[in-house]
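Below: the structure, in structure tokens.
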Amino acid sequence: MFVYTSNHPAFFFNTRFTESTSAPNIGYLCFMATKITQDIKEAADALRGNQVIAIPTETVYGLAANGLCIQAVSEIFKVKQRPTSNPLILHFAHLNDAIPYIEDFNEELKHLYDLFSPGPITFLVPKTDKVPEQITSGSKFVAVRFPSHPIFSALLQSLDFPVAAPSANKYGSVSPTRADEVIAQLNNEIPLILDGGLCQYGLESTIVGMNEDRVIVYRLGSIDLDELSVALGYVPEINNQVDHNPLTPGMVKYHYSTKTPLRYLKEYLNPEENIGYIFISGIPDDFPKGQCIVLSSTGNLKEVARNLYHALINMDARGFNAIYIEKPSPEGIGLTILDRLQRATAKFI
Ligand code: TXA
Ligand code: MG
């Protein structure tokens, strides 16, 4: 960190990140240039220094910090502008590394772990005292995840603490799936982005826990309901609505929101000027191509999922009066996409 006095616009008042330096914790002029790197060691050093940085995962980019350092964790909440009542996922390289932090890992969950981890699935399990309360917002349950992204995985293996990371968006906004989208939301607010390219899945992890002897889904995610059902031999209950689900406070009604009003495309709608259109697999003849994005030319829903957030962010930046998006079919990962779109469109209905 540089401490500097200048009237250059890139220099601004900042009271953050003073804990890890000898600078006094008061407002002073400083410059926090956000650097993009591919150097895992540089990212590891920043995390060891209790800094908050962005990291790539196979789902979306995360806003990461040492999950055992309360100061660093509270910095995540500040940068993300997220209420501290909304807990964070802890990321580990392997289940063995997580053992000291979890009280119990049910056999059904272990079965899902064996099938889908490392990968985009998160387990909500009873925690031990080693997990700071700030991570779980006071809950006795901690969310643990074992990512498959090779760069994040290598980073985790080089650390001797778990990494807390929510998605790297400002609270309520669309999650970034590439480094430049992190820059667009968090430039000059974090020192480093570890660039791992495009995210493979493009939607957040699936969150599962136990309800008595059955698996329950708290957040639909990149492992879809069909995959879970085949693995379990039954269709797990879904409990992802904020009204009946005090266990996962993050499942709010409005989320993943663009600034531009986002609505579902109605079949009878004619194209209009100054409206952006997002289609699943093809642009109808009478729609102007310059105003349209296609999520997958073959209609492959996994590709639709991978491109969805990028398309929303791209359209949002183009100054349209509104964005209309075609609904995917409610099957497989389509259910997860619909879950995200329901929250993303909710405040514009
Ligand atoms: O794919 C993902 O899971 C990404 C990447 C970065 O790993 N992370 C992510 O984190 O989506 P976040 O914070 O944006 O969403 C995590 C959700 C929130 O809704 C939060 O409320 C819930 O998980 N959650 C985390 N810990 C919890 C806990 N102890 N109890 C209940 N819900 C929890
Ligand atoms: Mg999020």
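The values are calculated or read from the model by the stated rules, or taken from the named source; none is laboratory data. Everything numeric in this text was worked out from a predicted model, so none of it was measured. SASA here: full protein model, heavy atoms, side chains in, ligands and nucleic acids out. Shrake-Rupley method; radii C 1.70, N 1.55, O 1.52, S 1.80 Å.
Out of all DSSP beta bridges in the chain, what portion is antiparallel? Express it as a percent rounded to 5. Taking every DSSP beta bridge within the chain, about 50 percent pair in antiparallel fashion. Ligands, DNA and RNA excluded, the heavy atoms of Asp286 present near 100 Å² of accessible surface to a 1.4 Å solvent probe. Measuring nothing but protein heavy atoms, the accessible surface of segment 33-180 at 1.4 Å probe radius is 50 percent carbon and sulfur. Among Ala98, Ala317, Ala168, the largest mean-square fluctuation in a Gaussian network model of the chain (Cα springs under 10 Å) belongs to Ala317.
Among the listed pairs Lys140/Lys347; Lys127/Lys259; Lys110/Lys347; Lys41/Lys302; Lys259/Lys289, those with a Cα-Cα distance over 30 Å are Lys140/Lys347; Lys127/Lys259; Lys110/Lys347; Lys41/Lys302. Here segment 204-349 exposes an accessible surface that is 49 percent carbon and sulfur, computed with a 1.4 Å probe and the other protein chains kept in place.
Percent of Cα pairs in the chain per distance bin of 10 Å, from zero to the largest separation: 5, 25, 33, 24, 11, 3, 0.
Excluding ligands, DNA and RNA, the accessible surface per residue across segment 11-238 is 39 Å² with a 1.4 Å probe.
Which value at 222 nm does the chain reach when only helices count, each DSSP H run of 4 or more adding -39,500 (n - 2.57), with the total divided by all residues and rounded to the nearest 500 deg cm²/dmol? Write down the numbers at each step before the final one.
Values: 10 runs with 91 residues, N = 349.
Taken over the chain, the calculation gives -7500 deg cm²/dmol.
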